[in-house]
Amino acid sequence: MDAYTPRKEHKFTFGLWTVGNRGRDPFGDVVRDVVTPIRAVQKLSELGAYGVNLHDNDLVPLDATPTERDRIVKEFKKALDDYGMKLVMGTTNLFYHPVFKDGAFTSNDPKVRAYALQKSMQAIDLAVELGAEIYVFWGGREGTECDASKDPADAIKRYRECINFLIGYVKDQKYSLRFAMEPKPNEPRGDIFLPNVGAMLAFIETLDDPDMVGVNPEVAHEHMAGLNFAHAVAQALEAGKLFHIDLNAQKLNRFDQDLRFGSEDIKGAFFLVKLLEDHDYDGPRHFDAHAYRTEDEDGVWEFARGCMRTYLILKEKARQFNEHPAIQELLAQVQPRDAELESLMSRYSPQNAQVLRQKQFDIEAMGKKGLGYEKLDQLVIDLLLGVA
Ligand code: GLT
Ligand code: MN
Ligand code: MN
């Protein structure tokens, strides 16, 4: 036990598929044994996690009979209770079976879209039965390689129709469930529709009940698109749309690596944690990542421990940043206040416009002033490297 030991109140969660990842990749087979859902719940609880997340088929095999389904669900519920764990988020696997090879909600084939809706309704029932309050949609197969095959505007319309249908279903069932949509630019498709947080936020506003739907941004996915993840998350937070978050790490311009949180781009990870903590984000912190393929089961638990530990170390660093005298002094200098100008700009009025027009600005002096960001950034580096 030290200051960086995770506790339930930190709201750390893991998908069953994350610690259950067996290391299969396009070039090689599985390298480690199955971690059953019950084992995952038990071990993650021991490590200090708050809960788990699942796809329908992470728990209930696609070909399970209704009796088998009920038995599996009962045993899983018992494990959650026994180990004081929550089922926080549910989602549908709409990408693994060959039926989804050209998309689920955006497939050209109405039969595939209808099956995707049927599967989603069942998966929603399962998630709600287990206590989930958040439901994620990751459209992994919603895209194309062959752009001749479908009109992308039609694809968006179909996507909207399906999400609206499920909004209707949830309301009709009186479930207390919010949706979180997860963007990704590519992989497994050549290109995926609604590829980043900004695109997703715009799409959400066109739905039947935008208030019920937010985003589930993932570090690796925005990085694959070459974007600044903290900026994407900030936009979602500021819009009240950060319903869930997938934390991991990723080298730029690579395949979706889903590395241990904070294992790459430590500065980016720091500013992300600082953002979440400064803004009192109180949703779950989900680690959507997996252990290196070199690892056995012990390595999987080291991976899980590492994700949570790094988050807590960065949280402490964020606290130190906010109290660091030299950093705060520099920030005060570069973030000046001007009550008169701020009030003038806060709202348009003909009077404000008139006053603003008359203002004199010494733009030569303003342009010449150095901002001290080299010093500021180095102070952050010193802090992160433990010498501040
Ligand atoms: C899959 C994907 C993740 C999604 C999961 C939810 S499944 O592992 O890579 O980013 O969050 O469907
Ligand atoms: Mn994810
Ligand atoms: Mn990923």
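Observations on the structure shown:
- Cα-Cα separations in the chain greater than 29 Å, expressed as whole percent: 49
- The coefficient of translational diffusion for segment 74-193, derived via Stokes-Einstein from the alpha carbon Kirkwood radius under 4 °C and 1.567 mPa s, stands at 85 µm²/s.
- Two-decimal Rg to Rh for segment 154-195 - Kirkwood Rh, Cα set: 1.08
- The Rg/Rh ratio of segment 16-112, with both radii computed over alpha carbons and Rh defined as the Kirkwood radius, is 1.02.
- For segment 356-388 versus segment 287-313, the gap between their alpha-carbon centres in whole angstrom: 38
- With both residues required to sit in the chain, DSSP beta bridges show an antiparallel share near 15%.
- 3J(HN,Hα) from dihedral phi, segment 10-21, Karplus parametrisation 6.51/-1.76/1.60, rounded to Hz, x for glycine, proline: 6, 6, 8, 10, 9, x, 4, 6, 7, 6, x, 5
- C-alpha center-to-center spacing [segment 76-112, segment 31-69] in angstrom: 13
- Filter on LYS11/LYS317; LYS74/LYS157; LYS274/LYS375; LYS317/LYS375; LYS74/LYS184 - keep pairs with C-alpha separation over 28 Å: LYS74/LYS157; LYS74/LYS184
No lab work stands behind these numbers, since they all come straight from the coordinates. Keep in mind that this is a model prediction, so the values were computed, not measured.
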